[in-house]
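Coordinate-derived values only; no laboratory data. Remember, predicted model here, so these are calculated numbers, not experimental data. Here the Cβ positions follow ideal geometry from the backbone for every residue, glycine too, while neighbour counts run over all protein chains shown.
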Amino acid sequence: MSTACSVLIPAHNEAGYIGPCLEALLASDPVDAAIEVIVMANGCSDDTVALAQAFEGRFHARGWTLTVLDLQQGGKMGALNAGDAVARHGARIYVDADVAVSPPLMAQLAVVLDDDAPRYASGGPVVRAAGSAFTRAYARFWASLPFVTHGVPGFGVFAVNAAARARWGAFPDIISDDTFVRLSFKPQERHRVPATYEWPMIEGAGPLIRVRRRQDIGVAEVKSLFPALWENHDPVPSDAPPFWRRALRDPLGFAAFAVVGVAVRLPHRKQERWARGR
């Protein structure tokens, strides 16, 4: 059995990505339940809205609905709350606009969310091929972390059923929505389906350092504001390869990962609270 789902896509100036994102959704395997897709374009000064609206007929043709909200105020959390306010189905699948889902992912999520007990779910992230040699090395090592290989990380795509969505109200004004939602559930409530999705990583050492710094700040913010959620942090799996072994297997990847890890801890000029994740 499958459950009806609302797919929510926040998008701020995503003209270069919203098309491929929606194309990937259109290429999804059949889902044995109703699906609506909502694009929450927020504070856009590019063609994101028009590009998304151009897909409405194609979504209608496959039996899904597509709604595009043109929100004047920028901000991901406000966009998520605006999408939740108009979503018709209790189960929600939150997808970043720069993500491309694989064909089986929507159907698998709709099946795993069909339960009365609270369920959080996601697929397996695959880092999109990068042009920067430094990013490729960093991404290769980062993708070997137990959090990525063994857990249900949920960055880029996470889904909850109706009972799970009732666990929090409006999205709080924080940096890391994915961390907040993931840690709202115990490890046994989080489910990883076999299907994958493609997720981009930002190009170059300097941008990687800025984004990693923002990510670390976002995680620390959740830990500070919602300390009870930290009890749901992922334990390190007993069968995960030790850090030193992964470093020996990929010394160049480890070197790139270490450079970024050290750099984010060095004194720096205060950056904007938001930094694009790619």
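Overview of results
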quantity	calculated
Fewest-first ranking of 138, 120, 197, using other Cβ atoms within 10 Å as the exposure measure	197, 120, 138
Farthest toward positive dipole pole in segment 5-263 [+1 Lys/Arg, -1 Asp/Glu at C-beta], among 19, 185, 110	185
Charge tally in the Cβ shell below 9 Å around residue 121, where Lys, Arg are +1 and Asp, Glu are -1, residue 121 excluded	+3
Relative contact order computed over the chain (Cα-Cα under 8 Å; 6+ residues apart), in percent	21
Karplus (6.51, -1.76, 1.60) ³J(HN,Hα), θ = phi - 60°, over segment 169-182, in Hz, Gly and Pro reported as x	x, 6, 5, x, 7, 10, 7, 9, 5, 5, 5, 4, 5, 4
Total charge dipole magnitude, the chain, about the Cα centre, Cβ charges on Lys, Arg, Asp, Glu only, Debye to nearest 20	1100
GNM result for the chain, Cα springs below 10 Å: residue of 164, 121, 205 fluctuating most strongly	205
For segment 1-93: rounded, prolate or oblate by the Cα gyration tensor [a/c cutoff 1.5]	oblate
Potential lengthening between residue 263 and residue 203 on full extension [0.36 nm per residue; Cα-Cα distance subtracted]	20.0 nm
Calculated P(r) of the chain - Cα pairs past 23 Å, %	54
Isotropically averaged projected area of segment 140-278, using the convex hull of Cα atoms (one quarter of hull area), nm²	9.6
Net +/- balance of residues flanking residue 160 in space, Cβ distance below 13 Å, scoring K and R +1, D and E -1	0
Cα centroid separation, segment 219-269 to segment 173-210 (Å)	13
Exposed GluC sites (Glu not before Pro) absent: longest stretch of the chain, with sites in DSSP loops and at most 16 other Cβ within 10 Å deemed exposed	1-202
Gyration tensor verdict on segment 1-43 (Cα atoms; rounded if a/c is under 1.5, prolate if a/b is larger than b/c, oblate otherwise)	oblate
Whether segment 56-129 is rounded, prolate or oblate, judged on the alpha carbon gyration tensor where a/c under 1.5 counts as rounded	rounded
Karplus-derived 3J(HN,Hα), 6.51/-1.76/1.60, for each residue of segment 235-251, Hz, glycine and proline x	x, 6, x, 5, 9, 6, x, x, 4, 5, 5, 5, 5, 5, 5, 9, x
Ellipticity estimate at 222 nm from DSSP helix runs (n ≥ 4, -39,500 (n - 2.57)) divided over the chain, nearest 500	-10500 deg cm²/dmol
